[in-house]
Amino acid sequence: MSSSDKLPKQIEDVLVTHRREFLKHAGLLAVSFGVFGATAIEGAESQSSNPAESPGPYRDPDFHQIDSWIVIHEDNTATFYVGKTDPGQGTGTCFRQLMSDELDIAFDKTTCIMGSTDITVDQVGSGGSSALERDSWPMRRVAAEARRVLLEMGSDHLGAPVDQLAISDAVIAVKANPSKRVTYGELIAGKKFHVTLTGNNINRVTGQAKTKSNPELKYAGQSIQRDDIPSKVDGSLKWAVDVKLPGMVHARNVKPPFACAKLTGIDESSVKSLPGFIKVLSKGNYVAVVCEREEQAIRAARQLKTTWQKPATAPFPASEDLFNYMRSATPVSDPRLAAGNPELRAPGFGPMVVGNPDAAFSSAAKIIEGEYEIPFQGHTAFAGAHALADPSNGQMTVYTNDMKSYSMRRGIAAFLGMPHDSVRVVWMMGPQGFGRSAAEDAAFEAAWIAREIGRPVRMQWMRDEETAWDTKGPAFLVKMRGALDSGGRLVAYDFHARSCDHNHIGYNEPDSVLIAQLMGTRRAKPAAGSAAMPSDMYAIPNRKMVGEVVGLPILWETPLRTGNLRDPNGPQPTFAAESFIDEVAAAAKADPLEFRMKMVKAGKDDDSAFRRARSIAVLKAAAETYGWDSRPSPKPIGKGKILTGRGIAYSFRGRTVVAEIAEVEVDRQTGHVWAKRLVCAHDCGFVVNPESLRHTIECCTLHGLSRAIHEEVQFDTETVTSRDWFSSPTLRHTDIPERIDIVLVNGDPNPDRPDLPPYGAGEPALKPMLAAIGNAIYDATGVRIRRVPFRNDRVLAALKAAGV
Amino acid sequence: MSRIELKVNGRSHTLDVEPDTPLLYVLRNDLDLRGPRFGCGLGQCGACKVIISGAAVFSCITPVSSVKGEITTLEGLSQNGRLDPVQQAWIDEQAPQCGFCQNGQIITAKALLDKNPHPTDAQIRETMNGTLCRCMSYFRVQSAIKRAVKTMAGRSPADPKEVVA
């Protein structure tokens with residue numbers, strides 16, 4: 001086997017360094033990354049990988065071949081290659097658990113490589129909480145098929161029928177005579193499986209073997225420690241920001257000082273004499289500076305003199321006027337709708353009507369109304385977006401932490417007009433972005449500059465760029481009415497959502513990525529955007545639901561571009577709806593938990609995936625864990641400086657259901673809100689790694705808390721004024737609750753069923769948290785604040801206005 | 001450019017860089033260290049922190065020429081191949097999510113515990129408040145610090161205490 005020091009440096013950059021000792025031991029450094037001289041083995045060809053310095057082309061690994069997913073080595077270890085990216089929620093470890101189980105190999109004899117387009121099959125990368133719910137299944141089926149094939153090979157080798165053989169830890173033995181044995185490595189190492197799978201797309205890929213049932217799984221279900229953590233703690237992990245290539249230079253952007261401005265001049269002489277200066281590049285309104293060293297590029301970008309012309313009309317209203325603007329704006333419609341094209345719908349939804357809401361409202365005993373406001377909130381990644389692009393050999397290799405490496409490859413190939421096979425994207429760890437983050441924009445910029453100057457280029461956004469210019473989660477305005485009958489039942493409900501989401505951009509789109517917009521590219525038709533309905537299982541006999549989308553005055557080149565942010569468009573309507581249900585419960589003088597439970601229980605609607613039964617289970621679990629006492633909100637307002645209260649909220653995302661309870665302390669003198677205790681009851685079906693899941697849920701819950709009490713994008717009519725961690729606050733250590741309970745609920749009507757599948761977990765726990773906090777503030781103070789975030793000044797003003 | 005001498009993790013280096021270059025870029029780009037990272041460049045988030053003379057310092061706003069004393073980075077915390085108890089507590093508590101901020105979390109906690117081996121919960125929260133995390137791993141980070149306090153207190157008095165900087 002080749003030792004790692006004989007490998008080209010660039011290939012080492014690709015590898016997950018925390019597994020280095022294992023990889024060295026297993027000889028995987030040679031096997032995984034192609035053929036190296038006389039030590040190469042035949043199996044190496046099975047990976048459609050290329051050394052970094054090879055000229056390409058970079059073929060797509062064929063997902064119909066077992067060899068693209070699993071390589072078994074001479075020492076009876078295995079490497080799994082999957083088309084996912086794990087930004088730190090532990091999914092990579094879960095994939096190893098499940099594939100080890102299906103293959104029947106010891107977990108610690110495996111490793112998993114993710115998300116690099118030339119060596120892993122295209123499973124999209126990450127997103128949509130799909131890692132275990134959808135994408136673990138092809139992995140499991142392929143591993144099960146590999147086991148079946150190995151068992152047949154073992155049968156031939158040992159001269160015994162398959163049914164007389166047993167497998168343990170990648171060793172096949174004759175049951176009656178266990179000394180007759182052969183290892184997987186002895187059977188297949190150095191060779192290919194040469195087994196073609198069926199299934200017309202990657203999510204359906206399968207062999208003949210069946211996957212195991214839950215009770216047969218040995219590693220799945222265990223809290224195995226995450227394999228990515230040690231190298232993140234000892235400093236050995238090589239992140240995307242750490243890749244260095246010979247001849248590499250550093251680039252920084254020069255962003256317009258005003259949104260949607262037109263570049264009218266560049267005075268290159270303002271930077272030409274700076275040390276390390278290489279070049280100013282510009283096209284349209286895109287401007288960047290390239291220097292030899294990083295600090296030189298930062299200085300040159302700051303010092304470059306440019307002149308800009310403001311747009312003729314303000315690109316957006318100031319943030320304090322946003323909701324008035326949204327109220328009066330005309331919703332986006334598709335003109336082709338008027339032509340009667342049945343294929344088209346207006347962005348948004350509805351009106352969707354159940355029963356007769358108008359009649360129910362006119363005969364109501366009591367009508368409750370409320371309007372909720374949710375501002376733009378940013379991805380605001382912890383570090384500036386970054387990427388390294390290498391144009392060597394007329395190809396383009398991009399090192400990125402973007403969670404969707406495969407669409408990045410397609411997007412950059414299209415943007416640069418390069419053949420698909422000439423572009424390769426290598427995924428590495430980085431600051432978690434939670435959706436369509438600016439990591440994509442930085443990668444396209446690095447690739448464009450690298451091609452222009454013919455050297456490897458490292459691009460990084462500065463803090464102000466990241467905070468002001470990344471894509472935003474859209475602002476929402478939600479107006480609701482509810483009708484109570486004389487028995488205190490919610491008999492009619494009117495939900496009207498309006499999102500500021502027109503021209504919502506997608507992932508790695510060559511015509512919507514920021515550099516393309518700044519260079520003047522315009523789609524013929526902006527992406528529609530969407531409003532969204534709340535997710536609940538409440539049986540309300542008369543309902544009207546409408547969603548509309550509005551757009552800002554200027555849709556292009558704006559820092560208020562909207563894009564997918566963790567549970568896209570989920571937390572906003574859920575904050576409104578789950579707060580409003582609380583208002584209705586208070587009007588009915590009912591306990592807010594019992595009020596919800598009655599509506600969940602009473603329904604006869606479709607209950608796909610047993611969501612109703614599981615909703616009841618999570619609500620009960622949250623209440624029991626918290627020690628919920630039944631009473632209406634608010635509680636009698638205290639006399640002291642600190643007022644305390646508790647609030648509940650519930651929602652589902654996909655098939656995962658969540659109920660959350662927050663206990664808050666509100667300082668009536670400062671308006672400061674501290675969530676002292678949080679409870680999250682969470683049902684995402686079969687749990688692959690309980691501790692890793694708790695971690696994911698805990699952090700997701702706290703992300704919801706951050707969005708409830710801190711996060712808001714602020715702007716004047718010319719530019720975004722949220723630019724750093726003071727003007728764009730986020731959750732901090734002093735905000736953290738003294739207690740967090742994560743309860744993993746299995747509320748399936750048949751909880752022990754062997755085929756219970758895993759559902760998604762990366763996003764659902766964020767959704768109800770905003771309302772849980774708002775409801776707790778109401779319980780403590782009797783003041784309903786219909787606007788997040790609950791920053792001190794906003795809360796204090798609301799308390800004062802109410803005389804609290 | 002000027003000649004700068006630095007001692008980092010026990011090794012001496014002589015470099016030829018502009019004296020106002022932020023220490024962060026020298027550590028990362030000239031010395032190839034991966035622990036300190038760029039997060040904000042403003043001294044607001046803690047991603048770049050290193051320990052100099054016992055204090056956790058923002059390397060992104062520290063001119064390289066101003067450094068007095070030996071620098072310890074995340075890579076320098078382990079001694080003789082053994083992780084510092086703070087790092088071990090991070091693994092035991094499974095603290096990081098993406099992990100990008102954890103350099104700042106660990107370095108700040110290490111500097112705290114070296115000065116004050118028995119901090120109160122309030123002291124932990126106040127000291128850590130300048131180190132941000134967008135994955136929201138804070139609760140586990142605080143648990144890891146408390147675990148490290150216990151581990152370090154439980155050590156036999158004969159054990160030599162790691163001396164940093």
Legend entry - Euclidean distance between Cα centres, segment A:172-233 to segment A:72-94, Å: 11
Inset, instruction - Using θ = phi - 60° and the Karplus relation 6.51 cos²θ - 1.76 cosθ + 1.60, list the HN-Hα couplings for segment A:419-425 in order, rounded to whole Hz, with x at every Gly or Pro. - result: x, 3, 6, 8, 10, 9, 10
Inset, instruction - Going by C-beta contacts inside 10 Å, put B:VAL17, A:VAL254 in order with the fewest on the left. - result: B:VAL17, A:VAL254
Legend entry - Relative contact order of chain A, defined on C-alpha pairs under 8 angstrom at six or more residues apart (%): 13
Legend entry - For A:LYS676, distant residues with modelled amide H under 5 Å away: A:GLU663, A:VAL664, A:GLU665
Legend entry - Normalised contact order of chain B, rounded percent, pairs of Cα under 8 Å and 6 or more residues apart: 24
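Within a Cβ distance under 9 Å of A:THR467, other residues only, what is the Lys/Arg minus Asp/Glu net charge? Each step should come with its number before you reach the end.
Details: positive: A:ARG463, A:ARG723; negative: A:ASP464, A:GLU465, A:GLU466, A:ASP470, A:ASP724.
After counting each charged neighbour, the total is -3.
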Inset, instruction - Starting from one equal scatterer on each C-alpha and no solvent at all, send me the Debye-based log10 I(q)/I(0) for segment A:661-804 at q = 0.10, 0.12 Å⁻¹, two decimals. - result: -0.42, -0.57
Inset, instruction - For each pair in B:LYS115/B:LYS150; A:LYS310/A:LYS479; A:LYS472/A:LYS601; A:LYS544/A:LYS767, compute the distance between the two Cα atoms and list the pairs where it is over 25 Å. - result: A:LYS310/A:LYS479; A:LYS472/A:LYS601
Inset, instruction - Could you pull out every residue, at least 5 positions away or on a different chain, whose amide H is within less than 5 Å of the one on A:LEU165? Hs are placed 1.01 Å off N in the peptide plane, and Pro or chain starts have none. - result: A:LYS175
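Between A:GLU186 and A:LYS589, what length in nm is gained on full extension when 0.36 nm per residue of separation is reduced by their alpha carbon distance?
Extra length available between A:GLU186 and A:LYS589 comes to 137.9 nm.
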Legend entry - Distance between segment A:141-168 and segment A:763-804 - C-alpha centres, whole angstrom: 60
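Where both residues lie in chain A, what percent of DSSP beta bridges are antiparallel, nearest 5?
Details: 85 of 116 bridges.
The answer is about 75 percent antiparallel.
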Inset, instruction - Using label points projected 7 Å from each Cα along Cα→Cβ, tell me how many nm separate B:SER2 and A:ALA365, to one decimal. - result: 8.2
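Taking Cα atoms of segment B:13-165, Rg/Rh with Kirkwood Rh, to two decimals?
0.96
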Legend entry - Residue mean of other protein chain beta carbons inside 10 Å, B:134-146: 6
Legend entry - Fluctuation leader among B:ASP32, B:ASP92, B:ASP114 - chain B, Gaussian network, Cα springs under 10 angstrom: B:ASP32
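Please compute, over every Cα-Cα pair in segment B:2-74, the percentage with a separation greater than 19 angstrom. It would help to have the intermediate numbers written out before the result.
On the way: 567 of 2628 pairs.
Roughly 22 percent, once rounded to a whole number.
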Inset, instruction - Determine ³J(HN,Hα), in whole Hz, for all residues of segment B:33-39 in sequence, where each value follows from phi through the Karplus function 6.51 cos²θ - 1.76 cosθ + 1.60 and θ = phi - 60°; x replaces Gly and Pro. - result: 8, 10, x, x, 9, 7, x
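Using only atoms on other chains, find how many Cβ atoms lie within 10 Å of each Cβ of peptide B:99-111 and report the average.
On the way: counts 14, 14, 4, 5, 3, 1, 2, 4, 0, 1, 0, 0, 0.
Mean inter-chain Cβ contacts per residue within 10 Å come to 4.
When all alpha-carbon pairs of the protein assembly as shown are counted, what percent fall beyond 41 Å?
Working: 189600 of 468996 pairs.
Of all Cα-Cα pairs in the protein assembly as shown, 40 percent lie more than 41 Å apart.
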Legend entry - Packing-based exposure ordering (other Cβ within 10 Å, fewest first) of A:GLU452, A:GLU216: A:GLU216, A:GLU452
Inset, instruction - Per residue of segment A:529-541, in order, report the coupling 6.51 cos²θ - 1.76 cosθ + 1.60 (Karplus, θ = phi - 60°) as ³J(HN,Hα) in whole Hz, putting x for Gly and Pro. - result: x, 8, 9, 8, 8, x, 10, 8, 10, 6, 8, 10, x
Inset, instruction - Evaluate the Kirkwood expression for the hydrodynamic radius of segment A:473-551, namely the inverse of the mean inverse distance over all pairs of different C-alpha atoms, and round to one decimal in Å. - result: 15.1
Legend entry - segment B:85-153: Cα Rg divided by the 2.2 N^0.38 Å rule of thumb: 0.96
Legend entry - Gain in span if fully extended, B:ALA55 to B:HIS13, counting 0.36 nm per residue against the direct Cα distance: 13.0 nm
Inset, instruction - Kindly put A:TYR325, A:TYR184, A:TYR626 in sequence by how many other C-beta atoms sit within 10 Å of each C-beta, fewest to most. - result: A:TYR325, A:TYR626, A:TYR184
Legend entry - Net charge contributed by nearby residues that have their C-beta within less than 12 Å of A:ASP724 (K/R +1, D/E -1): -1
Inset, instruction - Obtain the radius of gyration and the Kirkwood radius of segment A:50-126 from its C-alpha atoms and give Rg over Rh. - result: 0.98
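Just the number, please: percent antiparallel of the DSSP beta bridges in segment A:591-801, rounded to the nearest 5. Before the final figure, lay out each step's value.
On the way: 24 of 30 bridges.
In segment A:591-801, DSSP labels about 80 percent of beta bridges as antiparallel.
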Inset, instruction - Identify all aspartates and glutamates with a Cα-Cα distance to A:LYS212 below 14 Å; exclude those on the same chain that are fewer than 8 residues away in sequence. - result: A:ASP101, A:GLU102, A:ASP104, A:GLU145, A:ASP755
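Can you tally the net charge around A:PRO749? Count Lys and Arg as +1, Asp and Glu as -1, for every other residue whose Cβ sits under 12 Å from the Cβ of A:PRO749.
Details: positive: A:ARG611, A:ARG612, A:ARG614, A:ARG753; negative: A:ASP607, A:ASP683, A:ASP748, A:ASP752.
With Lys, Arg at +1 and Asp, Glu at -1, the neighbours total 0.
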Inset, instruction - Name the long-range amide H neighbours of A:VAL254: under 5 Å, sequence gap of 5 or more, or other chain; modelled H, no Pro or chain starts. - result: A:VAL287, A:ALA288, A:VAL289
Legend entry - Of A:LYS272/B:LYS68; A:LYS84/A:LYS283; A:LYS305/A:LYS404; A:LYS639/A:LYS676; A:LYS84/A:LYS598; A:LYS238/A:LYS279, those spanning more than 31 Å from alpha-carbon to alpha-carbon: A:LYS272/B:LYS68; A:LYS84/A:LYS283; A:LYS305/A:LYS404; A:LYS84/A:LYS598
Inset, instruction - Could you please state, rounded to a whole Å, how far the C-alpha centre of segment A:643-673 is from the C-alpha centre of segment A:307-322? - result: 36
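Any read-out appearing in this document is the output of simple, stated calculations on the displayed coordinates, not a laboratory observation. This is a predicted model, so every value here is computed, not measured. Cβ coordinates were reconstructed from backbone atoms using ideal geometry, including for glycine residues, and neighbour counts include every protein chain displayed.
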